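Down below is the structure, laid out as structure tokens.
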Amino acid sequence: MKRPCFRHLAPLIAALALLGTTMVSAAPSDPLIDDQWALNQVGATCAWQSTTGSREIIVAIVDSGVDLQHPDLADRILPGYDFVDDDPDASDENGHGTNVAGIVAATLNNAEGVAGLAPGVSILPVRVMDASGRGSEEAIAAGVRFSAEQGARVINLSLGSTLVLAAEEESELVKQAIRDAIAGGAVVVVAAGNDFVPFPNSIAGENPDAMVVAALDPNDQKADFSNSGPWISVGAPGVQILSAMPTYEVFLTSDELPRAERFRNDYDYMSGTSQATPYVAALAALLLSANPALTPAEVREQIERTATDISAVNPDVEIGSGRIDACAALAPFVGQQPEQPTPATPDQPEQPTPATPERPSLPERPSPPERPAPEPGRILLLLLVPVAACVLVLGGALLLIIMLVRAVTGRGRSSGAAPPPPAGAGAMGPVLTVNGPGGVQRYQIAGGASLIGRDAGCTIVISGDPTISRRHAVLRVEPQGMTLEDAGSSHGTLVNNRRIAGPTALRRGDQLQFGQTRGRID
């Protein structure tokens with residue numbers, strides 16, 4: 001199945017062209033891609049210089065199903081199976097699986113929604129969870145085996161339960177299915193779990209061959225909700241991840257949930273190790289697209305070996321080799337990707353043919369990817385870029401000087417009052433005033449981290465509001481000031497009416513919102 005320079009320029013022109021390609025790249029037409037912070041974090045644009053994925057590489061989404069007609073996914077989807085209702089219709093009735101699928105393979109540059117990290121691969125939807133998000137170990141094991149039989153090179157398992165807390169023992173049935181799938185040539189990627197603890201997921205346990213993924217925030221810190229431990233392979237972005245949602249009503253978008261807990265149709269944000277895991281699955285699919293002869297062990301080794309070391313911002317936390325770096329992982333394969341095939345028709349998708357090329361050994365250190373030569377029609381733009389950049393830099397410098405002068409002389413301030421001191425600067429420390437269903441409550445915030453949520457173990461317990469997650473947000477008071485961070489809640493945390501993800505600086509007087517409950521820093 002087949003898949004769908006200038007050589008005589010003067011040295012100065014060539015240098016200008018290289019500068020232009022460094023500073024300017026054709027922006028994808030996906031209207032929401034600027035809201036996908038995780039793509040920049042993992043080096044997606046750089047990785048795409050090597051490959052955006054091959055349709056011959058199948059990623060199985062073993063989850064709640066997928067919206068089979070979603071405009072950002074429809075032409076990526078192969079016929080799957082529903083192990084809940086035991087029929088071939090793997091349509092999503094929950095919403096979770098569609099979100100995961102979009103992170104892997106939402107179509108790039110189609111003027112629609114978002115983009116996946118591996119937008120050129122094929123998706124195999126395998127439904128093992130019902131509308132409410134529950135599934136049996138029998139269904140999950142059957143889904144893993146079906147995925148391997150259908151030729152999936154990557155199997156994504158953004159599901160499971162945490163041992164000790166939610167499961168008494170590991171699922172031997174699922175573990176054996178995973179071991180068999182890996183032995184058959186599939187990379188299996190499993191979510192670590194969202195219980196804040198260093199306990200394993202019962203789906204994978206301490207299986208050394210499955211890649212278990214922790215969730216990270218925009219600062220490469222472990223998300224507070226993410227499980228950790230020596231079984232973690234790598235971390236990936238998992239906080240406030242924008243991806244696809246079903247275009248029709250499902251459980252997560254329906255009135256079966258309170259209005260404030262509902263997700264939006266088409267596209268919405270989710271947080272969790274469930275969202276971190278498909279980034280690793282997508283990177284594995286890109287590596288296999290670039291070189292189908294890689295074994296699961298070689299794929300895992302390359303991802304772990306090229307991960308960014310983030311131990312400095314995660315002291316005393318076991319989160320594997322670091323944060324995935326797609327640019328570094330794909331660097332050895334620039335210019336080596338196979339010919340792209342023509343798209344398979346939705347009615348009769350062709351099955352991938354097994355790869356037989358000799359497996360090359362991976363280099364010790366990846367070299368940076370070569371930059372593509374500019375197209376002839378863009379050379380004028382490339383020549384103008386350095387000039388425009390110089391003008392912008394000089395203008396910005398002049399503006400900065402003016403602002404500094406105004407700040408020193410006191411001009412430019414709308415009032416004569418000094419700006420409010422950072423929260424935490426007062427002698428008695430900051431106070432969080434919460435106005436929730438239980439009335440107005442005031443909490444004196446001590447130094448360090450304070451957990452906010454409905455769980456009885458939280459420092460600040462908010463009860464009576466169904467939109468408050470068990471562990472909703474984390475408030476930190478440090479010598480340099482106060483910050484607030486969403487802890488992977490279902491309905492978000494707002495500061496001054498703006499939804500936040502990573503640590504956000506607070507000042508006295510800031511208005512906060514946790515679900516439907518409002519608060520204020522005094």
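The values are calculated or read from the model by the stated rules, or taken from the named source; none is laboratory data. Since we're looking at a predicted model, the values are computed, not measured. These area figures cover heavy atoms from the full protein model, side chains too; ligands, DNA and RNA do not enter into them. Shrake-Rupley method; radii C 1.70, N 1.55, O 1.52, S 1.80 Å.
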Considering only region 55-202, percent of DSSP beta bridges that pair antiparallel, nearest 5:
10
With the other protein chains left in place, how much accessible area per residue, in square angstrom, belongs to region 42-110 at a 1.4 angstrom probe?
27
Yeah, region 218-287 with a ≥ b ≥ c from its alpha-carbon gyration tensor (a/c under 1.5 is rounded, else prolate when a/b outruns b/c, oblate otherwise) is prolate
DSSP bridge orientation in region 213-269 - percent antiparallel, rounded to nearest 5:
50
Taking a ≥ b ≥ c as the square roots of the Cα gyration tensor eigenvalues, with a/c under 1.5 meaning rounded and otherwise prolate when a/b beats b/c, else oblate, which class fits region 96-245?
oblate
Heavy-atom accessible area per residue of region 131-288, all protein chains kept, 1.4 Å probe, expressed in Å², is 33
Given a 1.4 angstrom probe, I'd like the percentage of the accessible area of region 93-147 that is carbon and sulfur, rounded to a whole number.
45
Could you order 34, 255, 268 by accessible surface area, starting with the largest, using a probe radius of 1.4 Å?
34, 255, 268
